[in-house]
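Enquirer: Dropping a structure here in structure tokens format, bear with me for questions.
The values are calculated or read from the model by the stated rules, or taken from the named source; none is laboratory data. It should be emphasised that the depicted structure is a prediction, and the values quoted were computed from it without experimental measurement. Cβ placement follows ideal geometry from the backbone for every residue including glycine, while neighbour counts extend to all protein chains displayed. Each accessible area value is taken on the protein alone, full model and side chains, heavy atoms only, with ligands, DNA and RNA left out. Shrake-Rupley method; radii C 1.70, N 1.55, O 1.52, S 1.80 Å.
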Amino acid sequence: DLEEFQEALDLGRRLEREGQRSRAIDAYEIVASIYRGDLFEDDPYAEWCWEDRETLREQYLDVLSRLAELSLDVKLPEKSAALYRRALKLDPLRERSHLGLMRSLWLAQQPAEALRCYQACREVLEQELGIGPGPEVERLVRDIQESART
């Protein structure tokens, strides 16, 4: 499975660089379907595989992000939102995923849900890291609020 994961990932990246979005999406979807959780997750404290576990997790999260962004590019905001939600389940502290989710929901004509996601983002960042969302998130929130008023 690891070899198939890496081959599909490499293919998706190559296809995306070549501008073949729909084929890149197909390759990335294969990657996302192969990932079944952390490497040796039955032994979460196994130090011998920690680096590989983290690398695979980061690659998977990157694939979800790329798939979500490509889905927005081809006007599929609901699919994009679902992908960002998957990423946030695995790592709720990724501000870029919160931003992407909010943008996807806004483009899917769900501004109220996008603003609820903003509140969730603020809460998790404050509770876990003692910080608030960055300026890009705050700008998006203002844009969403302004569009809701007009």
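Enquirer: Go through the stretch 11-29 residue by residue and tally those that are free of Cβ contacts under 8 Å to residues at least 24 places away in the same chain and open to solvent by 80 Å² or more (accessible area, probe 1.4 Å).
Expert: 6
Enquirer: Please find, within the stretch 125-146, the residue that is farthest from Ser104 (Cα to Cα) out of those that are assigned to a helix (DSSP H, G or I) and aliphatic (A, V, I, L, M).
Expert: Top of the filtered list is Leu129.
Enquirer: For the stretch 65-85, give me each residue that is farther than 19 Å from Arg17 by Cβ and not charged (D, E, K, R).
Expert: Across the stretch 65-85, the qualifying residues are Leu76, Pro77, Ser80, Ala81, Ala82, Leu83, Tyr84.
Enquirer: Modelled with pLDDT of 95 or more, in a helix (DSSP H, G or I) and closer than 24 Å to Ile34 by Cβ: does that describe Ala120?
Expert: no
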